[in-house]
Structure formats: structure tokens, C-alpha cells
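Each remark here refers to the structure printed beneath this line.
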């Protein structure tokens, strides 16, 4: 049976740090190397930013749910909002070309999704009823997963 954590925050950008710290600690605890834990955290932050900025138009007072599932061989993170749906199609992205001398050349969407697709093993988007569900999946290499770290050192005993 998978282990599950559910967090709900108000749709304010300053709340993202709380979730990212918690999820980073959890994925580190469950054996992901620090580099991978930071990359997963980056993807989560990008997805939460997108929900707040695009789905909720930066308006506070809306729920943003984050569900983290630790399954036998993978980690799944669902970011759920109830605002406007995703306008960019969820297809495999190529890195868009930029003109470094023109801010106007920056595309409206795509870089965050490109980044998430490069880091995560699977990225999905579904609409279920009124819920927009953005899913990030990272497979666990079971051969490299160490035993959980000791939470308290002897200094605290």
C-alpha cells in the first residue's frame, strides 16, 4: 500500500516554499540523492507556480492541493487546482529558441514544462470534474535506496 501525504495551501506564491521544503525533506528521507531531491523540488515549485499564476491568476483564497505518493518503485506528486485549465498542450517539448536581446521573444509557456519533462520520468495532466491534476512521476532505483537516516543524533539523547 502506498504511503501518502496531502498538503493544502492557499494560492499565494509565498506558500510554495513551505511545500517545497517538506517534499524535499521527504524525498531525501526516502533515499533520493540530494541532486535528484533538488531537481524534484524544482519541478514541484514550477508546477505550483503555474497553478497559482495561470490557473488562479495570482489570486489568493483558492486551494492548491499537493498529494505525494511513495509507491514501491516510484514517487508520484499530484498538484491539484480548481481554476482555469492548462492552455498549453502537454506534449513532449523541445527547448524553444531564444533571442537573448529581446524579452518579447520569450514564449508564454513551455520552459517550465520542458524542464519538468527532462527531470521527471513522466509528466501528466488530467481534468477530473472541476479539478486540474498535474502529475509528476519519478521512478526509484531500488538498488541505490539507502536505509532511512537516523533522525536524532546521540547529541540529543
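None of the figures in this text is laboratory data; all of them are computed from the coordinates on show. Keep in mind it's a predicted model, so treat the numbers as computed, not measured. Every residue, glycine as well, gets a Cβ built from its backbone with ideal geometry; the counts of neighbours run over all protein chains shown.
Please say if the range 7-83 is rounded, prolate or oblate, where rounded means a/c under 1.5 for a ≥ b ≥ c the square roots of the C-alpha gyration tensor eigenvalues, and otherwise the choice is prolate for a/b larger than b/c and oblate otherwise? Let's see the in-between values first.
On the way: a/c = 2.42, a/b = 1.96, b/c = 1.23.
Judged from the Cα gyration tensor, the range 7-83 comes out prolate (a/c at least 1.5, a/b above b/c).
Each residue in 65, 46 was given a count of other beta-carbon atoms within 10 angstrom of its own, and listing them fewest first yields 65, 46.
Using a 10 Å cut-off on Cβ atoms, rank the peptides 20-28, 2-10 from the highest mean neighbour count down. Present the calculation step by step, with values, prior to reporting the outcome.
Numbers: 20-28: 17.6, 2-10: 12.6.
Highest to lowest by the protection proxy: 20-28, 2-10.
With r as the distance between the Cβ atoms of residue 49 and residue 122 and R0 = 25 Å, compute the FRET efficiency 1/(1 + (r/R0)^6) and round to 0.05. If you can, show how the numbers build up before the last one.
Working: r = 20 Å, r/R0 = 0.80.
Plugging the Cβ-Cβ distance into 1/(1 + (r/R0)^6) gives 0.80.
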